[in-house]
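Here's the structure, in structure tokens; my notes come after.
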Amino acid sequence: MTLTMTGVRLTYPDGDRRLTALDDVDMTVGPGELVAVTGPSGSGKSSLLAVAGTLVTAEAGTVTVDGVDVSSLGQKGRDRLRRERVGFVFQQANLLASLTALDQLLLVAHVTGANRETARTRACELLDYVGLSAKSGKRPHELSGGERQRIAVARALMGSPAVLLVDEPTSALDAERGHAVVALLRDITRERRTATVLVTHDLRHLDLADRALAMRDGRLEQFAATTAR
């Protein structure tokens, strides 16, 4: 269960020129490892997650997810790999207002065609794992911000992902709730042996990561306080 990016390059059109989003990026995240990536807005962090999660195809370099070279797959293969082996947690929880906490997870199983009874058992186990089994019947407006983000984490685990990609999960939370969410991600990473990439502007929680990297102008480097400014 690893994520490897080697020599990855990605550019976007910007008028009559190309804007470099990722510039010869190398990164390996092993099973059970939580790697935090920080850096200023526009430095390439979101592009990094998009390429790692097979949402965007790199122009050069290789991306390997759980032993599979993404470049060897067609669109259907990438979609299947993303669905089965990659979990996403976004900046906003993006929960459906009309669904209970349990149903948010079961919706994933419905989309993937999983057995309903098996999926229900797994969803209940995951809600218990993130400490929200007592809130399984609650809808988003009845949950705190931290609880909604925990539901989003549980939802990302429904497919037993090898790679977990997390984008700014604490941006709408206070320090205490943010720390609790990152600590949960750390525990999940270790216990479930996922390769986890956490993109964050919040430097207060970097001590919970196994390693911290910084993006600047599309390049990835070891984190230092000055590189994150």
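The numbers here are math on the coordinates, done by the rules we state, and not lab data. Quick caveat, the model's predicted, so the values are computed rather than measured. So basically every Cβ, Gly included, is an ideal-geometry build from the backbone, and we count neighbours across all protein chains shown.
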For this session: Would you mind ranking 135, 76 so that the residue whose beta carbon has the fewest other beta carbons within 10 Å leads the list?
Result: 76, 135
Exercise. Where a Cα-Cα gap under 13 Å defines reach, which aspartates and glutamates qualify for residue 138, not counting those fewer than 8 residues away within the same chain?
Worked result: 103, 147
For this session: Give the span of region 2-68's Cα atoms along each principal axis, as three whole-Å numbers ordered largest to smallest.
Result: 42, 25, 18
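Order of 141, 179 from fewest to most other C-beta atoms within 10 Å?
Values: 141 8, 179 18.
Final ranking by Cβ density, sparse to dense: 141, 179.
Could you estimate the translational diffusion coefficient of region 1-126 from the Stokes-Einstein equation, with Rh from the Kirkwood formula over C-alpha pairs, at 4 °C and 1.567 mPa s, in whole µm²/s?
Details: Rh = 16.7 Å.
The diffusion coefficient I find is 78 µm²/s.
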Exercise. What do you get for Rg/Rh over the chain if you use C-alpha atoms and the Kirkwood form of Rh?
Worked result: 0.97
Exercise. Among the aspartates and glutamates, which fall within straight-line cross-link reach of residue 76, defined as a Cα-Cα distance under 18 Å, with same-chain neighbours fewer than 8 residues apart omitted?
Worked result: 66, 84
Exercise. Which Rg and Dmax, in Å, describe the Cα atoms of region 107-229?
Worked result: 15.9, 51
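Arranged by the count of other C-beta atoms within 10 angstrom, fewest first, what order do 45, 138 take?
Details: 45 25, 138 16.
In order of increasing Cβ crowding within 10 Å: 138, 45.
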Exercise. Regarding region 48-92, what are the three Cα extents along the principal axes, ordered largest first, in Å?
Worked result: 32, 21, 18
For this session: Using the Kyte-Doolittle scale, find the helices of the chain whose mean hydropathy is at least -0.5 and whose Cα atoms extend 20 Å or more along the helix's long axis, counting only whole DSSP H runs.
Result: 175-192
